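Quick notes on the structure that follows.
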Amino acid sequence: MEQNKQYVQEPTTVEKCNELSKQLFYTRLASLPSRSESFWKELDYVKNLWKNKKDLHVEQAGIAALFGIECFAWFCAGEIVGRGFTFTGYHV
């Protein structure tokens, strides 16, 4: 806690908390154009890989497969949490 002391705002009031939350919101909002640009670049890269499937290396295919497995695992974990940490089904 001592190392991060310079980041703590004193006194912590409701007004200061509201101001900080607005700053965070608008900072994230300002970063949307660059995030959108990065998304479209990544999508173009994937489209280019798909067009040139013959030039695809085993390493790249393995990374894509691992990414797909990771996405599926996060989906399954989310489903389990959504069911109330049960594997069989929802409590009705």
Taking the stretch 60-73 only, how many residues are closer than 18 Å to residue 42 by Cβ and modelled with pLDDT of 90 or more?
7
Would you pick out the residues in the stretch 47-64 that are loosely packed, with under 11 Cβ neighbours inside 10 Å and in a helix (DSSP H, G or I)?
47, 48, 50, 51, 53, 54, 55, 58, 59, 62
Those residues that are part of a loop (DSSP other than H, G, I, E, B) and either more than 21 Å from the chain's Cα centre (by Cα) or among the aromatic types (Phe, Trp, Tyr) (or both), I need them from the stretch 1-33; list them, please.
1, 2, 3, 4, 8, 9, 10, 11, 12, 13
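The values are calculated or read from the model by the stated rules, or taken from the named source; none is laboratory data. This one's a predicted model, so the numbers in the text were calculated from it and none came from an experiment. All Cβ positions, glycine included, derive from the backbone under ideal geometry; neighbour counts span all protein chains shown.
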